[in-house]
Amino acid sequence: GGTFTGDITVENIIAKGPTGTYDIGSSSSKFNDIYATTFNGTATSALYADLAENYVADSKYEPGTVVEFGGDAEVRQTSSKNSPAIAGVVSTEPAHLMNAGLEGDNVVAVALRGRIPCKVYGPVRKGDVLIASSHPGHAEAAPFKGYQTPAVSVVGKAITEHLQIGEGVIEVLV
């Protein structure tokens, strides 16, 4: 090997030795972006912290907005306390995005699992179960510890706290 500077254009790159013996880049010298149609292999880590799926929303919503199924599209921001139609929380940058090819005027990535910033209204403590607030697009703490709410109404669980009255953003597990 030597050092080559400039672009390399090829039709195929094929390893000619035993499987698992060649590298692209190294732990000290990484490529920035790699584009491909299909990846077959083992991913050992992800930069971001949630699994999300694209849905068509009735409007543009910023990350952290709590959304439910309904309205003029597939999802809309929540507007009633303890809504049973929870879809999830609009993701910031998902580690894995399903339904990535979805087209529409207002496509939003809705976090289905993982850690995500979430808009909240009112005091929330670590570990609180979160339900939809009557404050549009926000979650709030369920009324008391051990509150038994149907799974369809749960937005997630608080990882961080917001102890003030009014609006805030915390990290939640969905």
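So, of the residues in the range 137-156 that are among the small types (Gly, Ala, Ser) and assigned to a strand (DSSP E or B), which turns out to be most open to solvent (accessible area, probe 1.4 Å)?
Ranking the candidates gives Ala141 first.
Tell me the residue from Glu167, Glu171, Glu103, Glu161 that is acidic (Asp, Glu) and in contact with a Cys (Cβ under 8 Å, 6 or more places away or on another chain), please.
Going through Glu167, Glu171, Glu103, Glu161 in turn, the sole match is Glu171.
Of the numbered conditions (1) at pLDDT 95 or above; (2) within 23 Å of Ala57 (Cα to Cα), Val152 fails exactly one; give the number of that condition.
Failing condition for Val152: (1).
Taking the range 71-124 only, how many residues are within 16 Å of Leu51 (Cα to Cα), touching a residue at least 60 places away in the same chain (Cβ under 8 Å) and among the small types (Gly, Ala, Ser)?
3
Of all the residues that make up the range 157-171, how many are in a strand (DSSP E or B) and either open to solvent by 90 Å² or more (accessible area, probe 1.4 Å) or at pLDDT below 95 (or both)? Walk me through how you get there before you give the answer.
Our first condition is that a residue be in a strand (DSSP E or B); within the range 157-171, this holds for 157-158, 162, 167-171.
Filter again for either open to solvent by 90 Å² or more (accessible area, probe 1.4 Å) or at pLDDT below 95 (or both), leaving 157, 167, 169.
Residues flagged as in a strand (DSSP E or B) and either open to solvent by 90 Å² or more (accessible area, probe 1.4 Å) or at pLDDT below 95 (or both) within the range 157-171 amount to 3.
Is it the case that some residue within the range 55-71 is of a type in the set (A, V, I, L, M, F, W, C), at pLDDT below 95 and open to solvent by less than 60 Å² (accessible area, probe 1.4 Å)?
Looking for residues that are of a type in the set (A, V, I, L, M, F, W, C), at pLDDT below 95 and open to solvent by less than 60 Å² (accessible area, probe 1.4 Å), one finds none in the range 55-71, hence no.
Is the range 122-136 home to any residue that is under 26 Å from Ala100 (Cβ atoms), modelled with pLDDT of 95 or more and surrounded by 17 or more Cβ atoms within 10 Å (Cβ to Cβ)?
Looking through the range 122-136, none of the residues is under 26 Å from Ala100 (Cβ atoms), modelled with pLDDT of 95 or more and surrounded by 17 or more Cβ atoms within 10 Å (Cβ to Cβ).
With the condition kept exactly as written, say whether any residue in the range 120-131 is assigned to a loop (DSSP other than H, G, I, E, B) and farther than 14 Å from Val172 by Cβ.
Pass one, the range 120-131, residues assigned to a loop (DSSP other than H, G, I, E, B): 122-123, 125-128.
With farther than 14 Å from Val172 by Cβ added as a condition, the list becomes 122-123.
Looking through the range 120-131, at least one residue is assigned to a loop (DSSP other than H, G, I, E, B) and farther than 14 Å from Val172 by Cβ.
For Thr92, which of the numbered conditions (1) of a type in the set (Val, Ile, Thr); (2) buried (at least 22 other Cβ atoms within 10 Å of the Cβ); (3) part of a loop (DSSP other than H, G, I, E, B) fails to hold?
Every listed condition holds for Thr92 apart from (2).
The values are calculated or read from the model by the stated rules, or taken from the named source; none is laboratory data. Here the structure is a predicted model, which is why all the values come from computation and not from measurement. As a convention, Cβ positions derive from the backbone with ideal geometry for all residues, glycine included, and neighbour counts pool all protein chains shown. We work out accessible area using only protein heavy atoms, side chains counted, and drop any ligands, DNA or RNA first. Shrake-Rupley method; radii C 1.70, N 1.55, O 1.52, S 1.80 Å.
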